[in-house]
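The values are calculated or read from the model by the stated rules, or taken from the named source; none is laboratory data. Just so we're clear, the structure is a prediction, and the values are computed from it rather than from any experiment. Ideal geometry is used to build each Cβ from the backbone, glycine not excepted, and the neighbour counts take in all protein chains shown. Accessible surface is based on the protein model in full, side chains and every heavy atom, while ligands, DNA and RNA are left aside. Shrake-Rupley method; radii C 1.70, N 1.55, O 1.52, S 1.80 Å.
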Amino acid sequence: MDKIVITGNGPLQGDVHVAGAKNAALPIIAAALLTAQPLQLSNVPGVRDIGTALKLLEMLGAAVERDGTNLTLTSSNINSLHVPYELVKTMRGSILTLGPLLARFGEADVSLPGGCAIGSRPVNEHIMGLQSLGADIDIEGGYIKAKASRLRGAHHTFDVPSVTATENLIMAASLAEGETVLENCALEPEIGDLAELLNRMGANIEGAGTSKITIEGKTELHGAEHRVPPDRIETGTFLVAAAATRGDIRVLDTNPDYLQHVLGKLEQAGAELETGDDWIRLNMRDRRPQAVNITTAPYPAFPTDMQAQFMALNALAEGSSTVVENIFENRFMHVAELQRMGADIELQGHTAIVKGRERLKGAPVMATDLRASACLIIAALAADGDTTVDRVYHLDRGYANIDTKLAQLGAVIHRV
Ligand code: EPU
């Protein structure tokens, strides 16, 4: 099992390119199941979760051609509607196949994901939404068994705004009979991006990116081309790493518009920021970061996927802060690992109280989930001495070549 060893050695500096967004690419890959014609994608990130999604598509009978970050997916010969537990438990995004398979083939048999390292993560919003569209759903032996000769458009209001449930429903409704109106939808930019692709495939979706989305169902969709947008969380992760090491970096091939809240917090922490259309420069030279309070909430507020990285920053910052996690009930596993590096953090339910320490000290630590891994890497870059991060397969699920990219920014980092 790979480990990453980092020797803290001061400021990150230079330019770094971000990859396409994992969480935008996953629903797009599932959308390939909605048509028999090829979907041609570019800027697809080379991360493990994408590999898992492609393996799943191939298991269902789709043809997958990959050339670097370009991908052609053709679902003309789908011969299975069964999505096994082995894949769903390693990558919960597999649930995104439920809506497309059911809508196009009238049936799907998708494993329930179960809990994961960050919380119980139910999928009731996906199920209730599809039931509103007329699906007949039974849970049997840990599987969601869904049937519908043809889904029917309906008016559905989500109880909780869920990113992947919104995505599942707009994909399903695109092939339903008649009009669907979805309310209390999630607002994350990945949803607007998916709708843009679906519209290019012949769907008729309005309002994606707002809480009310209207979908006029079509009898079939066709192939299309699409470029996966930049990863806002990878962008934010590099910026926080630069801030924690008092560095000066430019993040390229990104979109500052998706990160307004995170950029505001970095400025509050003392960073100087400059932005262009597709780049962000962060300068934290010769300054210790200031502690900033964080409260996670659905987009456009502060993202849960950046909480762990800011925990590392606050652990090193001047002053005390609170970090409140409102999205997932168990997303503080990185705290115990940061404490091993000398961080002063107290947990009170959903709130972490962080008293910044001038220095952290390298230690052997264990990654517990994707963003927790990023948090430990950031802490290690800014710590004295060596840190060995175990279980970095979590990191590889969502960050493409992060060790190589950090080395290019001057980090002393290697895989063993
Ligand atoms: N929820 C329900 N019922 C549901 C679905 C969600 O109660 O059926 C609750 C969840 O428990 C949570 C809240 O709704 O409290 C929001 O969860 P959401 O469904 O929006 O999360 P998700 O769609 O499963 C996506 C990302 C996550 C990211 C969250 C929140 C993908 C593939 N995953 O998950 O990404 O944390 O939105 O922004 O898009 C990551 O990349 O590290 C990651 C975990």
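Observations
- Pairing each residue of region 208-225 that is more than 26 Å from Asn184 (Cα to Cα) with any residue that is assigned to a strand (DSSP E or B) and open to solvent by 70 Å² or more (accessible area, probe 1.4 Å), provided the two are 6+ apart or on different chains, yields C-beta distances under 6 Å for Glu225/Gln40.
- Any chance Ala242 is surrounded by fewer than 24 Cβ atoms within 10 Å (Cβ to Cβ), away from the ligand (no atom under 13 Å from the Cβ) and aliphatic (A, V, I, L, M): no
- Criterion (more than 23 Å from Ala173 (Cα to Cα), in contact with a strand residue (DSSP E or B) (Cβ under 9 Å, 6 or more places away or on another chain) and in contact (Cβ under 8 Å) with a residue 24 or more places away in the chain) met by exactly one of Thr157, Thr90, Thr69: Thr69
- Scanning region 323-348 for residues that are within 15 Å of the ligand (Cβ to nearest atom), of a type outside the set (D, E, K, R) and either surrounded by fewer than 24 Cβ atoms within 10 Å (Cβ to Cβ) or closer than 17 Å to Thr245 by Cα (or both) turns up Val324, Asn326, Ile327, Phe328, Asn330, Phe332, Met333.
- Selection of region 296-316 for residues being part of a loop (DSSP other than H, G, I, E, B) and in contact (Cβ under 8 Å) with a residue 60 or more places away in the chain yields Pro298, Tyr299, Pro300, Pro303.
- Considering region 101-122, the residues that are of a type in the set (A, V, I, L, M) and within 30 Å of Glu177 (Cβ to Cβ) include one that is most open to solvent (accessible area, probe 1.4 Å), namely Leu112.
- Only one of Ala203, Ala291, Ala186 that is within 26 Å of Arg397 (Cα to Cα) and open to solvent by less than 30 Å² (accessible area, probe 1.4 Å): Ala186
- In the set (1) within 23 Å of the chain's Cα centre (by Cα); (2) surrounded by 20 or more Cβ atoms within 10 Å (Cβ to Cβ); (3) of a type outside the set (Ser, Thr, Tyr), the condition left unmet by Leu221 is number (1).
- Checked against (1) closer than 26 Å to Asn9 by Cβ; (2) open to solvent by less than 10 Å² (accessible area, probe 1.4 Å), Arg281 meets all criteria but (2).
- Pick from region 267-295, criterion in a loop (DSSP other than H, G, I, E, B), touching a helix residue (DSSP H, G or I) at 6+ places or on another chain (Cβ under 6 Å) and of a type outside the set (Gly, Ala, Ser), ranking: nearest to the ligand (Cβ to nearest atom): Val292
- Selection of region 303-312 for residues being touching a Ser or Thr at 6+ places or on another chain (Cβ under 6 Å) and crowded, with 24+ Cβ neighbours inside 10 Å yields Gln307, Gln309.
- Qualifying residue in region 127-135 (condition: surrounded by fewer than 21 Cβ atoms within 10 Å (Cβ to Cβ), within 23 Å of the chain's Cα centre (by Cα) and polar (S, T, N, Q)): no
- Count of region 112-135 residues, restricted to those that are under 19 Å from Leu175 (Cβ atoms) and free of Cβ contacts under 8 Å to residues at least 12 places away in the same chain, is 1.
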